[in-house]
Amino acid sequence: MTHYKTPLYGQTAIVTGSSAGIGKAVAKTLAKAGANVTLNYRSSQEAAEEAAHEINTDSDAGTAIVVQGDVGQENDVNTIFKQTISHFGTVDICVANAGMQLDHPLHKMPLEDWEQVLRVNLTGQFLCAKAAILEFKRRGMREDVSKSLGKIIHMSSVHEIIPWAGHANYAASKGGLLMLMESICQEYGPEKIRCNSIAPGAVKTEINKDVWSNEEGREQMLKLIPYKRIGIPEDIGQVASWLASDQAEYINGTTIYVDGGMNCYPGFANGG
Ligand code: BGC
């Protein structure tokens, strides 16, 4: 049973791309804080169901359901919202987390890999924000659960400000996301919708396993992290749960870097 005093008690969250990695940790942390959660996945049904099971068997957490959908497709995003609303009544928190990398040197990058990354990482964020705003406005204020009409959290990356050779499609999608987030903040802040981003640095997940899973890759990664620790998904989950709560009510239009200092140009520590 979630306690009435838990920060997200009585609220419902959608977390896209939450069958594993950062999305799964965010979903579990939000549920621990009392929220009901829709776990969305595109292809890993079994993993998503296992994540939901972990939440549903935790007597301190909210309830979880699982909904399939590709965030790059408007119909799928609408389905994720419709099923959440029919099950839980509304949506209070949208964590647009789903993202991907398809890496190539720019001169060898197939147009389809450019477009696919932009579709999931940027268009997908737009579609989720649009559906969330429509639902927040339809439902109206619920002062008993939150001082905000709704909260949108975009999962960005340090690469919204750090250029990344060999990953131009990914960096461009995250750079675009910064302006999307800030524009939404300007446009819907007056309606008490809070829109922010979290920018993880190097966090151990499948997306960068080829780097952190070998000694040389790990060393290279650590050179880029002043705090000298590679992140774990729970580092992001905790920040997302706080950012979604009224404890962070006055935070709007901001990116929170959760990166051990990666955005502080560590290459300049001994040079320049
Ligand atoms: C990327 C990871 C990378 C990290 C730091 C993330 O956004 O998805 O692959 O390790 O940024 O460079």
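Some points to look at:
- Grouping the Cα pair distances of segment 214-272 into 10 Å bins from zero gives a pair-distance distribution of 20, 39, 27, 13, 1 percent in increasing distance order.
- Based on protein heavy atoms only, the chain ends up with 48 Å² per residue of surface accessible to a 1.4 Å probe.
- Cα-derived Rg over Rh, computed across the chain with Rh taken as Kirkwood radius: 0.96
- Sites listed here are chymotrypsin sites (Phe, Trp or Tyr not before Pro) in segment 192-272 whose DSSP assignment is loop and whose Cβ has at most 16 other Cβ atoms within 10 Å: Y227, Y250.
- Accessible area of the chain belonging to carbon and sulfur atoms, whole % at 1.4 Å probe: 53 percent
- With the helix formula -39500 (n - 2.57) applied to DSSP H stretches of n ≥ 4, the chain reaches a computed 222 nm mean residue ellipticity of -12500 deg cm²/dmol.
- The listed residues H104, H159, H53 rank as H53, H104, H159 when sorted by accessible area, largest first, using a 1.4 Å probe.
- Here's the picture: charge each Lys and Arg Cβ at +1 and each Asp and Glu Cβ at -1 in the chain, and of V95, G124, I152 the one pushed furthest to the positive end of that dipole is I152.
- With at most 13 neighbouring Cβ atoms within 10 Å, loop trypsin sites (Lys or Arg not before Pro) (DSSP) excluded, longest segment of the chain: 6-146
- If R0 is 51 Å, the Cβ-Cβ spacing of M141 and A269 corresponds to a FRET efficiency of close to 0.60.
The values are calculated or read from the model by the stated rules, or taken from the named source; none is laboratory data. Everything numeric in this text was worked out from a predicted model, so none of it was measured. Heads up, the Cβs are rebuilt from the backbone with ideal geometry, glycines too, and the neighbour counts pull from every protein chain shown. Areas reflect the complete protein model, heavy atoms only, side chains present, ligands, DNA and RNA absent. Shrake-Rupley method; radii C 1.70, N 1.55, O 1.52, S 1.80 Å.
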